[in-house]
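Each remark here refers to the structure printed beneath this line.
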Amino acid sequence: MSRLPHVKGERIDRDTPVQFTFEGRRQQGYRGDTVSSALLAGGARILGRSFKYHRPRGLLSAAGHDVNALMQVRREGGSVPNVRADVVQVEADWDINAVNTRGGLAHDRLSILNRLAPFLPVGFYYKAFHGKRWFPRWERMFRTLTGLGEVDLRATRRTTPKRYDFCDVLVIGAGPSGLAAALAAADQGASVLLVDENPSAGGSGLYARGGSARLADQTRELITKVASHARIRLLTSTYAAGYYADHWVSLVAPEYLVKVRARSVIVAQGAYEQPAVFRGNDLPGVMLASAAQRMLYHYAVATAHRVVVLTSNAEGYAAALDALAHGVQVAAVLDLRPEPGRDSTIRAAELVSTGILIHYGARPIEAVAGADGGVARLLFESASGAAPGRHTVDVDGVWMSVGFAPANALLHQAGARMSYERSTEQFVPQMLPPGIYACGKVNGVYSLAERVADGRNAGACAAGGIGFGAEKARRATVPARECPTHPYPVFRHPLGKEFVDFDEDLQLRDLENACQEGFDSSELLKRFSTVGMGPSQGKHSNMNALRILASVRGEPIERLGPTTARPMFHPVPLSHLAGRGFTPERRTPLDSEHESLGAVWMPASNWRRPEYYAIAGKSRESAIADEVRAVRTRVGLIDVGTLGKIEVHGPHAAQFLERLYTTRFANLKVGMTRYGLMLDEAGVIVDDGVVGRLGEQTFYFTTTTGNSGTLFREFGRLATWWDLPVGLVNLTGHYAAFNLAGPAARAVLHENTDLDLSDEAFPYLGVRQAQVAGAPCRIMRVGFVGELGYEVHVPFQHAAAVWRALLASGSRFQIQPFGVEAQRMLRLEKGHITVGQDTDGITNALEVGMPWAIKMDKPFFVGQRSLQVLEKQSRRQALVGFNIPSSVHEPRPKECHLVLDGSEIAGRVTSVGWSPTLGRCIGLALVAPQVASRKRLRIRIDRGAEVDAEVIQPPFYDPHGERQRVRGLL
Amino acid sequence: MRLSPLGPWFQRFPRVPPEAGAVLRFDDLSLRPRFGCKGPGAEVWLANAGYRVPPEPNSAAIDADGVLVARLATSEFLVEALDAVPARVEPAQRQLTSAACPSSVYPVAREDLVIEIEGAATNTLLRQTCSFDFAPLLERCESARGQIVFTSMIGVGVVAFLRRAAQGPVLTLWVDPSFAHYFWTTLLEVGGDLGRINIVRTLIDKPR
């Protein structure tokens, strides 16, 4: 491992050294180095420990998938876990440690687990948790031993913004085919967004050179054209992590997430090089050939002094030539095939001319570790070539180039159908959805010229398909000159440790055993063995696992089919996903008034409302009780502006409401209101409110707080469905509303309006439009809380002025603003139900004891047909009232406490509280019919205690409703 | 006293000094004279009242007096005095809630939070807060007419309109006033991350 002299195209800035610490030792790299490249340049081989057995691991892919080289980085602003060393650029003064070690990387105490491997069979987790007795112990042990980096809870919170972006054609992957696709689409007039996960465009065109500058130079020409093209934007260090409907793609940039919407999408993500499976294939120094080439050309780092290249394709020979070009000694090339392919032959001749030995029909037996834990020699045998037979060669590097798996996760997510192509031994798109295109290695195209041609065609098709230039036919894939992928690069060893999945430490026998245990489909094998479920999501293990499964089942791989990686198919920092929080909160126009009055807030749907108004020296309960007393004895004012407020206009308005509600509205007089109960088609209560008739063709009504938006949309749908041309106006946010209630309500309102408030002119349940405190208002004389009351509805911008005027006028009666909790008790005393609290998702209208609100003789209302059926059946439950004579301090039921019938659950408490008016605990409960008919209820309260309650018929207070009609204080 | 939905916010932060080189300017114009109407007779009624009614839904037209008429749907309209004197709007508004209003025209209360946004970072702000692509509209917006966009920004439904003013494109947003505090403070927070911002209040709360 060493730093090479300058390499053309290297990403490092040699004039800017970067000092950092790794595992407590000072290290140096250059600006542009990744953590891994800087460490390797400094001579390190071991970068981390494996997840399960804590085996030493080194560089594998250098492509963002090195799950065994995750780092805990302490830097200014906090500690960051699981930094991917193979792709993240190191910065000055970072203090870096490998994750998942006990006692440090070099002397990890948990490496003892490597020796316990025989006792940790596949599916160990599932088996461990099978029995109850050991469950807690296993849980404790796993929680202690597992996990990767540590979250620093003191770290500065990042409000990473998310962004939206738009383009005509999105090209994912800026390798040769992606570059060509972008140019072709842009040349036809489309705006193109080209993204690549690497810090610079070019892909394998810049590092898989085969010792020649020609390929890299051709790629650079494409990059230059792209950079100067006015219609192409290039985003580097940005990967596409998920595809969603309508061509939405999530892009993960270093600092933020981009949601991009394209009219066409081209997937040119290339292919992941795959490891060979043989004993010791995980030793530091054994790596993918492409990883070694990336190190050579991007960072000028030689990952070994003397290597063996294990190959089965032309790319492996190119890697050997790249090694030679940079002074890395090639001990041998081991070709798994009996003879080289067409492209390999040319490169093989070049290698042989320099004295390199090439073995054919080769088979790796074992990579053996040296004293430092890294690979020191390779045992193999060969059938032909340089010297057939069994060999041992001393090396400090093994480069594997035995095949590829297409990076087609996004295509799967987009709904593409894949087929297995024997000529390339990979899955290729068989059917692509409209607007989705693929090119390059994803299509099984590997030579540079073919990739560029394939990219051009995809770009032209993508642009033509959305109206830029002529629509073009997709190009037929040209058969590969040489198969790039070995059909079964798996080599058993009697002692095992042939790793298939480096994330999860899964060996060949683990997968074979899983199949034998019956988990022998690709989906079952994945879940039982966890293959492909680690952070790299199977990028280096899924294809080999599938090949092993096919081998065990004795079936061709094409009959098994691949698993689909869900979005995000590549790890995304949680800070990116969380981003800046957008949680819309609604406030009434009186919010600042409440604030100044000492409101204690509570959420109500997406609104915030005063729960009660705090008073210095008083408890919450005491403050709420005072508010209740004020309404019962003087006057109170509550903000009910969160109620839904809707108008319906037109000659069919009454008919519309007749159909919507169980109540009758056709005969409602202008200037009067009526309670309305709304059901769904199953007869279940969904909402209630007050409907006022403002004119012959104009109604104004309220809905519950949480339902206004949903119901308004539903009203529009129903009006269309019923073919009733009504005008619907949603005033919920545009109108404030407050309820002035109590014996002095009339006197307070009178001071602020010229309206005649006498019972004769404005009777109970009347509605009027008048000026209040100079503002145009709608006033409904209703009694939800059971006192003389007026609900004043006022345009948003006038609300604060009217509120203040009423408070000022009420001061002589010691007017009391009251909150949601007091209102809940006041309405409970009256026995009024709250939809959604005293009802649930299955409570029908016959179960709540309000037959007066259901007019079954109407021609039609929503839910009527279900009620006609339910009427003939026995009731499932009934809402009953109960009271418990007790002091305020005694333990009492809470909402959702269970009602018991013997040892059986017979219902639940829906509303309960201690009534300051009545001096006892009162409540409502939904109970089974046999319990409803009894005189007493048994309720199980906290800590298993039980209380006895007396069943009584609500209302608990003012049963004849006389107080709503009183003359009141003047 | 009419109070803008942002009245309480401006009471807490009454003096926001202007920033030189600001990339965004936010102006609360909620107190502009405005009304809404809908119904089968609305289009004819508006035309008879002398307004320039746009022929297509989801479009808006501004007449020579500075009165904007936005056609929000086939038969729903928003009328607002951008630069016009209130007298160009208020008579029709009064008639709408009086007995003189035709039965086929229904008033629509428009107590909206109205914000105008302009500045070099407008599109960047929109890209962080809205999934609709405003860039083409920013490029081709005109001074007297344009497209109305119904979309969602930071989780809140908005009506948006882009017009070209002397200083460049101006984005007007009409928002349910109950979201005013959340919407305003969130936009200021996002905008503040993009550079210096100016907060303006052209119209202040006034006695009726």
Item to complete: Calculate the all-directions average of the projected area of the protein assembly as shown's alpha-carbon convex hull, and give it in nm².
Response: 53.0 nm²
Discussion item. On C-alpha positions alone, give me the angle between the axis of helix B:180-194 and the longest principal axis of chain B, in degrees, nearest 10.
Written reply: 40 degrees
Response to the item:
So, relative contact order of segment A:872-970 in percent, Cα under 8 Å, 6 or more apart, is 32 percent
Discussion item. Charges at C-beta only: +1 for Lys and Arg, -1 for Asp and Glu. How large is the resulting dipole of segment A:106-244 about its Cα centre, in Debye rounded to 20?
Written reply: 940 debye
Practice prompt. Under 1.5 on a/c is rounded, so check that first for segment A:683-772, then, if it is not, pick prolate when a/b is larger than b/c and oblate when it is not; a ≥ b ≥ c are the square roots of the alpha carbon gyration tensor eigenvalues.
Written response: prolate
Fill in: Antiparallel DSSP beta bridges within chain A, as percent of all bridges there, nearest 5
75 percent
Practice prompt. Highest first, please rank the peptides A:632-639, B:57-64, A:156-163 by the mean number of other Cβ atoms sitting within 10 Å of their residues.
Written response: A:632-639, B:57-64, A:156-163
Response to the item:
Cβ-Cβ cut-off under 12 Å around A:Leu597, Lys and Arg +1, Asp and Glu -1: the net charge is -4
Worksheet entry | Local net charge near A:Arg876, Cβ-Cβ under 12 Å (Lys/Arg +1, Asp/Glu -1) | -1
Fill in: Those aspartates and glutamates that a straight Cα-Cα span of less than 16 Å connects to A:Lys52, excepting residues fewer than 8 apart in one chain
A:Asp66, A:Asp108, A:Glu139, A:Asp282, A:Glu498, A:Asp501, A:Asp503, A:Glu504, A:Asp505, A:Asp510
Worksheet item: Which whole-number percentage describes the relative contact order of chain A, with Cα contacts under 8 Å and a sequence gap of 6 or more?
Response: 9 percent
Worksheet item: Fewest to most neighbouring Cβ within 10 Å: what's the order for A:Val309, A:Val729?
Response: A:Val729, A:Val309
Worksheet item: Among A:Arg664, A:Arg154, which comes first, then next, by fewest other beta-carbon atoms within 10 Å?
Response: A:Arg154, A:Arg664
Item to complete: Highest first, please rank the peptides A:294-304, A:202-212 by the mean number of other Cβ atoms sitting within 10 Å of their residues.
Response: A:294-304, A:202-212
Worksheet item: Can you sort A:Cys896, A:Cys439, B:Cys101, A:Cys483 by how many other beta carbons sit within 10 Å, fewest first?
Response: A:Cys896, B:Cys101, A:Cys483, A:Cys439
Discussion item. Projecting each Cα onto the charge dipole of chain A (Lys/Arg +1, Asp/Glu -1 at the beta carbon, about the Cα centre), which of A:Ile12, A:Gly205, A:Tyr790 comes out farthest on the positive side?
Written reply: A:Tyr790
Item to complete: Calculate how many DSSP beta bridges within chain B are antiparallel, expressed in % of all such bridges and rounded to the nearest 5.
Response: 90 percent
Worksheet item: In a GNM of chain B with a 10 Å cut-off on Cα contacts, which of B:Ala144, B:Ala49, B:Ala100 has the highest mean-square fluctuation?
Response: B:Ala100
Worksheet item: Is there a simple number for the mean count of other chain Cβ atoms within 10 Å of the Cβ of residues in A:774-781, and what is it?
Response: 1
Worksheet item: Which is farthest toward the positive dipole end of segment A:25-156 among A:Val73, A:Leu116, A:Val35, measuring Cα position about the Cα centre, with Cβ charges +1 (Lys, Arg) and -1 (Asp, Glu)?
Response: A:Leu116
Discussion item. Compute, for chain A, the length of the dipole vector about the Cα centre, with Cβ point charges of +1 (Lys, Arg) and -1 (Asp, Glu) only. Units Debye, rounded to 20.
Written reply: 780 debye
Item to complete: Work out the mean other chain Cβ neighbour count within 10 Å for the residues of B:109-116 and drop it here as an integer.
Response: 4
Practice prompt. Sum -39500 (n - 2.57) across every DSSP H segment of at least 4 residues in chain A, then divide by the residue count to get the 222 nm mean residue ellipticity, nearest 500.
Written response: -6500 deg cm²/dmol
Item to complete: Go through A:Leu432, A:Leu379, A:Gly389 and say which Cα lies farthest out towards the positive end of the charge dipole of segment A:329-449; charges sit on Cβ, +1 for Lys and Arg, -1 for Asp and Glu.
Response: A:Leu432
Worksheet item: Under unit Cβ charges (Lys, Arg +1; Asp, Glu -1), what dipole magnitude, rounded to 20 debye, does segment A:784-877 have relative to its Cα centre?
Response: 160 debye
Worksheet item: Where Lys and Arg each count +1 and Asp and Glu each count -1, what net charge lies around A:Glu714 among other residues with Cβ under 11 Å from its Cβ?
Response: 0
Worksheet item: Other chains near A:643-652: what is the mean number of their Cβ atoms within 10 Å of each residue's Cβ?
Response: 2
Worksheet entry | Packing-based ranking, highest mean first, of A:792-800, A:95-103 given that Cβ atoms within 10 Å are counted | A:792-800, A:95-103
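Every number in this text was worked out from the coordinates using simple rules, so none of it is lab data. Everything quoted here is computed from the prediction, not taken from an experiment. Please note: Cβ atoms are built from the backbone with ideal geometry, for glycine as well, and neighbour counts cover all protein chains shown.
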